[in-house]
Amino acid sequence: MAVVNINKEFYNKNFVEEKKTGVIEFSAPWCVYCRRIGPAYNKISEEYGDKIIIGQVNIDEEIEISDAHNIDVIPTFMFLKDGQVVDSIVAPDSKAKLNEFIDKNMGL
């Protein structure tokens, strides 16, 4: 599955109302590091996309979501479970770090 572009409506429906589990990357098109980690995150979506939501919030377009989570540095990845942020990681340097972050929070 592809990385889902998350807007306010998607966020509210899936994470607030339905309390689904997922990983959200807060990023922006102008962020060089976000573009660098992008291919790894796409592979993550292929590996985990059938189990959890793998999404991305453009902080320039979805200011309300990024402000609600006090995003100061991008890329920031947040793991949500039962509608709550349970963990986050800022600027991981490899796909392995993302896998470790997700597996830890999924209890794998």
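DSSP finds beta bridges in the chain, and of those with both partners inside it, around 60 percent are antiparallel. Taking every alpha-carbon pair under 8 Å whose residues sit at least 6 apart, the chain reaches a relative contact order of 36 percent. In a DSSP loop and with at most 14 other Cβ atoms within 10 Å, the trypsin sites (Lys or Arg not before Pro) in the stretch 1-103 are 19, 51. Here the chain is assigned +1 on the Cβ of each Lys and Arg and -1 on the Cβ of each Asp and Glu. Its dipole about the Cα centre then comes out at about 320 debye.
Rounded to the nearest 500, the 222 nm mean residue ellipticity of the chain from helices alone is -10500 deg cm²/dmol, with -39,500 (n - 2.57) taken per DSSP H run of at least 4 residues. Once you sort the root eigenvalues of the Cα gyration tensor of the chain as a ≥ b ≥ c, which label holds: rounded (a/c under 1.5), prolate (a/b larger than b/c) or oblate (the other case)? Rounded, since a/c falls under 1.5.
Maximal additional length on extending the residue 94-residue 72 stretch stands at 5.9 nm, based on 0.36 nm per residue less the C-alpha distance. For the stretch 38-108, lysine pairs with C-alpha atoms less than 17 angstrom apart, excluding pairs fewer than eight positions apart on the same chain, total 7.
Rule-based calculations on the coordinates, nothing more; no lab input. Predicted model only: the values in this text are computed from it and were never measured. Don't worry about glycine lacking a Cβ; one is built from the backbone with ideal geometry, like all the others, and counts go over all protein chains shown.
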